[in-house]
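K.L.:
I am attaching a structure below and will ask some questions about it afterwards.
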Amino acid sequence: MNTIALHVNRRAVEVSAEPRTSLADFVRDKLDLTGTHLGCEHGVCGACTVLLDGVPARSCITYAVACEGADVTTIEGLDEDEVTTELRAAFTREHALQCGYCTPGMLVSARDLVLRLPDADERRIRVGLSGNLCRCTGYVGIVRAVQSVIEARRARNIAPQTDGGRTSLGPAGSGRATSDRSEPQPARQALAAASDRAAAGTIPDFTPATVLDQRFTLPHPPAKVFAMFDDIAGIAACLPGVSLTVPPKPERIEGVIRVRLGPIAASFEGAARVERDPATLSGCIVGIGTDQRSHSATQGEIRYRLVPLEGGTATAVELSIGYTLTGMLAQVGRPGLVRDLARRLVAEFAGNLDRHMSGAPSGQAAPAELSFWSLASDVLRARLARVLGRVFTGKGRAE
Ligand code: FES
Ligand code: FES
């Protein structure tokens, strides 16, 4: 075993590994950075592409020991990277992925092209991406996505970066990188500062990266629903995956939310601030949590407003759910799917709440873990049924 000291996604890492361990296995198995995928494992498909001292490199044919002192950036380290964010949006818009297996490597290579080649045409992009194989898409959407980002940046007069931001010459992993490794990225920095303040007792407001509006109705009068929202323990019991770690106070709660996404299990531990306004039957819960294992962090807020219905015998609950997520779990956030999941989650919460308020027997309690996999399966089943329905009724339309 050798102890290898390097920087991965701007974090100093010192981990031991066998001399034969590839960089891909090192980041996946030792650091849980599973966004780096393995396809061919002999340098052909590009699925394992990472940045090594700022240069795209095949991590499956790079020994981890050769990266002593180097700067490694995996797809997780590009969470808040401006170009990667633009590319992700373009990939979604242009349908540039299907199974998504090639996508992390494709994004790392595409980012390098966008930074270096402000005038690249379709042919140049195809040549530039020829080291990244995709078995699903036929490449048309991928090329269009990259081209659209290049054109949009050119229209905004963004100058290319000399050598695409490479930090050193010489062989990849030479350890001569000179970038300032201690400087955290803005979103991560904001989350870290908010985490410190939460630990100290204050939970700040924030501007969420994603906001979803949801609405559901309950067959109970607004005053009863508003009183229920004051029963924090009762509300937590209705939320899948949520449990309280200390007895709640009227203005502050501390707890855990457990999430499972396929093989990734995260346990966000944190605190939330509670505010209520009886005059307008509204309130908000603003929280922050971190998961040590997946190095993910989230800030979230739920703002609600109760609207009387049917002469005051029923209530519409209007929710605005906002969140910012960084780390491994942020990689799975395809907007359409997240919206569907949020809808499903809110429906489950509403059902639990109604049962709770109607005095339904326990046994209907929310599950101890929020399984995105089972929710996603339901969502995908529902989407498939919608598509098949359209096909058989001849009412097809693009979604
Ligand atoms: S897995 Fe590395 S190039 Fe295919
Ligand atoms: S989207 Fe499936 S391999 Fe590229």
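The values are calculated or read from the model by the stated rules, or taken from the named source; none is laboratory data. Worth saying up front: this structure is predicted, and the values here are computed from it rather than measured. Note: areas computed on protein heavy atoms with side chains; ligands, DNA, RNA excluded. Shrake-Rupley method; radii C 1.70, N 1.55, O 1.52, S 1.80 Å.
K.L.:
Roughly to the nearest percent, how much of the accessible area of the stretch 1-178 is carbon and sulfur, given a 1.4 Å probe?
P.N.:
Looking at the stretch 1-178 in its full context, I get 50 percent from C and S.
K.L.:
Hey, another quick one. Might you tell me the accessible area per residue for the stretch 266-307, computed with a 1.4 Å probe and given in Å²?
P.N.:
The answer is 43 Å² per residue.
K.L.:
Using a/c under 1.5 as the rounded threshold, could you call the stretch 1-178 rounded, prolate or oblate? The axes a ≥ b ≥ c are square roots of the C-alpha gyration tensor eigenvalues, and prolate needs a/b larger than b/c, oblate otherwise.
P.N.:
Prolate is the answer for the stretch 1-178, as a/c is 1.5 or above and a/b outweighs b/c.
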